[in-house]
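Participant: Pasting a structure below so you can have a look.
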Amino acid sequence: MQAAPSITASLLLAFRNGETWAFNEIFTVYDARLMAYAAKICATRQDAEEVVQDVFISLWENRLGIEGPDISGWLIKVCRNKALKSLRRHVFQADISTLPDLAATQQNPLEQLYFDEIEEYIRQVIQTLPPARKKIFLMNREQHLSYQQIADELGISVFTVKKQISLAIQHLRTTVTPYACSLALIMLPPMLN
């Protein structure tokens, strides 16, 4: 991303001095470019919009600390970092049971590969759960039984069911999230083309 001809030294000086009209000019020049960049990384368009909004908020808040005659490098770096953080958060907060459905909707073969790989890894991690926890978790996620139904069927308390499912999800998140993020980062360069 090169500095646009309309981003002059005097415009940057006015921006650094807190002139809102100068900020608006910079926003006009970079908004669409940053949105296109963030949309390639983020999981959803809404996430990309939030990332770009956060980038411009950071730009305004850090205007005195940004040095040099060109701010495009700073904008790209901040946008990339915020977009990757958003992607990690999206993967971390994803309902694990929806990943197979997401995989089925992907059109891009690389995205399909990504979701297939994650799905297989999740299945492997589920198999490593303690037997009782695995059974409770699968009854809830695959058989779609309520906590009460599981408790009644197994003769245990609802509290025990909640605790076991919570521990299973916590284990999956801490085990799967780093793997998913690493895989996403490995696959992002080809996906961005």
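Participant: Rounded to the nearest 0.05, what FRET efficiency do ARG141 and ASP116 give with R0 = 22 Å and r taken as the Cβ-Cβ distance? Could you check? Write down the numbers at each step before the final one.
Facilitator: Values: r = 18 Å, r/R0 = 0.83.
Efficiency at R0 = 22 Å is approximately 0.75.
Participant: Highest first, please rank the peptides 10-19, 27-36, 51-60 by the mean number of other Cβ atoms sitting within 10 Å of their residues. Don't jump to the answer; show the numbers that get you there.
Facilitator: Values: 10-19: 14.5, 27-36: 16.8, 51-60: 18.9.
By packing density, highest mean first, the sequence is 51-60, 27-36, 10-19.
Participant: Another question, then. With r as the distance between the Cβ atoms of ALA43 and LEU167 and R0 = 35 Å, compute the FRET efficiency 1/(1 + (r/R0)^6) and round to 0.05. Can you show the working numbers first?
Facilitator: Values: r = 26 Å, r/R0 = 0.75.
So the FRET efficiency works out to roughly 0.85.
Participant: Starting from the 7 Å offset along Cα-to-Cβ, what nm value, one decimal, do you get for the label separation of THR174 and ASN24?
Facilitator: 5.1
Participant: From the backbone phi of region 164-175, what are the Karplus-calculated ³J(HN,Hα) couplings (6.51 cos²θ - 1.76 cosθ + 1.60, θ = phi - 60°) in whole Hz, Gly and Pro given as x?
Facilitator: Using θ = phi - 60°, the values come out as 5, 5, 4, 5, 5, 5, 4, 4, 4, 5, 6, 8 Hz.
Participant: Here is a further query. Fully extended, how many nm does the chain gain between LEU13 and LYS77 (0.36 nm per residue separation, minus their Cα-Cα distance)?
Facilitator: Here the answer is 20.9 nm.
Participant: Can you compute the FRET efficiency between ASN62 and ALA132 using 1/(1 + (r/R0)^6), with r the Cβ-Cβ distance and R0 = 45 Å? Round to the nearest 0.05. Before the final figure, lay out the partial values.
Facilitator: On the way: r = 51 Å, r/R0 = 1.14.
Efficiency for this residue pair is about 0.30.
Participant: Treating cross-link reach as a plain straight distance, find the aspartates and glutamates whose alpha-carbon is under 18 Å from the alpha-carbon of LYS162, omitting any fewer than eight places away in the same chain.
Facilitator: ASP95, GLU142, ASP152, GLU153
Participant: Which lysines, if any, have their Cα less than 30 Å from the Cα of LYS82, not counting same-chain residues under 8 positions apart?
Facilitator: LYS40
Since every read-out is calculated from the coordinates, none of them should be taken as a lab result. Quick caveat, the model's predicted, so the values are computed rather than measured. A quick note on method: Cβ atoms are made from the backbone with ideal geometry, for glycine too, and the neighbour counts reach across all protein chains shown.
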